[in-house]
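Read the structure below first, then the notes.
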Amino acid sequence: MLTVTQLRAFLAVARSGGVQTAAAQLHVSQPSVSAALGALARELGVQLVERDGRGVRLTEAGTAFVPYAAEVLGLLDQGRQAAVEADGVRRARIRVVAVNTAGEYLLPPLIQAYRRDHPGAEILLEIGNRATVYERLTSHRADLGVGGRPPGNELDGSPFLANELIVVGREPTAELDSATWLLREPGSGTRAATEQFLADLGLEPPERLTLGSNGAVKQALAIGLGVTLISSHAVGPELRDGRLVQIPVSGTPLVRPWYVLLPRGVPTRPAVSRFCDFLRSDEAPRIIESAL
């Protein structure tokens, strides 16, 4: 029989790449982790991990099993949370995952406003790129997400706030084809939008610099290192005080709504539903406008 202990041990090893690290994360002994892996492999009838130098790596069977194990544990965790919330044992806990721009600029004031009306709510925010957001939601390691339009059929998405992408630099320029373009890291939705934007305009800049965060991009803009396509939510103060300027370009602003994202096909806990309703309310845009 498969057990929760076996699944947790397997996922810890899969994510850490070693039995020793997994044991430390789970606060158990290394023999306990090894025993759980062995029992799980016997139950499934396949080898899930194999030696790789001083560590271990997943076999093809193990790699195939990871998303299913993650989904099972994620659903169990959500079910446990629903039970204790319904019984009144614990206060509501909401796990939110958001893409970088939304997590850095939108969620903090929204969470603050929500907690004023729901002081007992515990909201945990994780920030990552699109791949992280979709993985956390499909594996049920997060209750809801905030990002762009969801791909495929595994997530439900509802737009709740306009997101305008604009071209920004330290000074106005019409020479966009010769300017250095600042890009976010691979996997960023803003980077994908920028690359498509340049292709649509037929621009082939001589140099593209990749920077790993909105903060790094804004610092580079401030010293005149180049221009970029960025969410207006990320540069509001800089545009108002003149540190940066919006560069008029045909086709901008690009409007890419922010979406509330939920896993498809699973019940949504009342606490999560209340927070989603708040994000979709008429109050949310006013909160963002006053904060940014």
Completion exercise
With all protein chains present, the stretch 161-292 has a carbon and sulfur share of its accessible area (1.4 Å probe) in percent of 51 percent
Practice task
For the chain, just the Cα set please: Rg and Dmax, both in angstrom.
Solution key: 22.5, 67
Fill in the blank from the handout: In the stretch 1-155 the accessible area split gives carbon plus sulfur, as whole percent at 1.4 Å, a share of 51 percent
Completion exercise
FRET efficiency (Glu175, Gln47; Cβ distance; R0 45 Å; to 0.05) is 0.15
Practice task
For the chain, report the accessible area per residue in Å² (1.4 Å probe, heavy atoms, rounded to an integer).
Solution key: 51 Å²
Fill in the blank from the handout: So the FRET efficiency between Gln30 and Arg80, C-beta based with R0 = 35 Å and rounded to 0.05, is 0.85
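Using the Kirkwood radius over Cα pairs, work out the Stokes-Einstein diffusion coefficient for the stretch 130-245 at 4 °C and 1.567 mPa s, in µm²/s as a whole number.
The estimated diffusion coefficient comes to 83 µm²/s.
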Handout entry: Label-point gap, in nm, between Val72 and Val255 - each point 7 angstrom along Cα→Cβ
Key = 4.6 nm
Fill in the blank from the handout: Given 240-251, 72-83, the highest-first ranking by average Cβ count within 10 Å works out to 72-83, 240-251
Practice task
At 1.4 Å probe size, with no ligands or nucleic acids counted, give the accessible surface of Ser32 in Å², nearest ten.
Solution key: 60 Å²
Problem - Computed [θ] at 222 nm, helices only, for the chain once each DSSP H run of length n ≥ 4 contributes -39500 (n - 2.57) - result: -14000 deg cm²/dmol
Practice task
Please work out how much length the chain gains when fully extended from Glu164 to Arg240, using 0.36 nm per residue of separation minus the C-alpha to C-alpha distance, in nm with one decimal.
Solution key: 25.8 nm
Practice task
For a quick protection proxy, order the peptides 152-161, 222-231 by their average other-Cβ count within 10 Å, most packed first.
Solution key: 222-231, 152-161
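The values are calculated or read from the model by the stated rules, or taken from the named source; none is laboratory data. Quantities reported herein were computed from a predicted structural model and do not represent experimental measurements. Backbone-built Cβ (ideal geometry, glycine too); neighbour counts: all protein chains shown. What goes into the accessible areas is simple: the full protein's heavy atoms, side chains included, and nothing from ligands, DNA or RNA. Shrake-Rupley method; radii C 1.70, N 1.55, O 1.52, S 1.80 Å.
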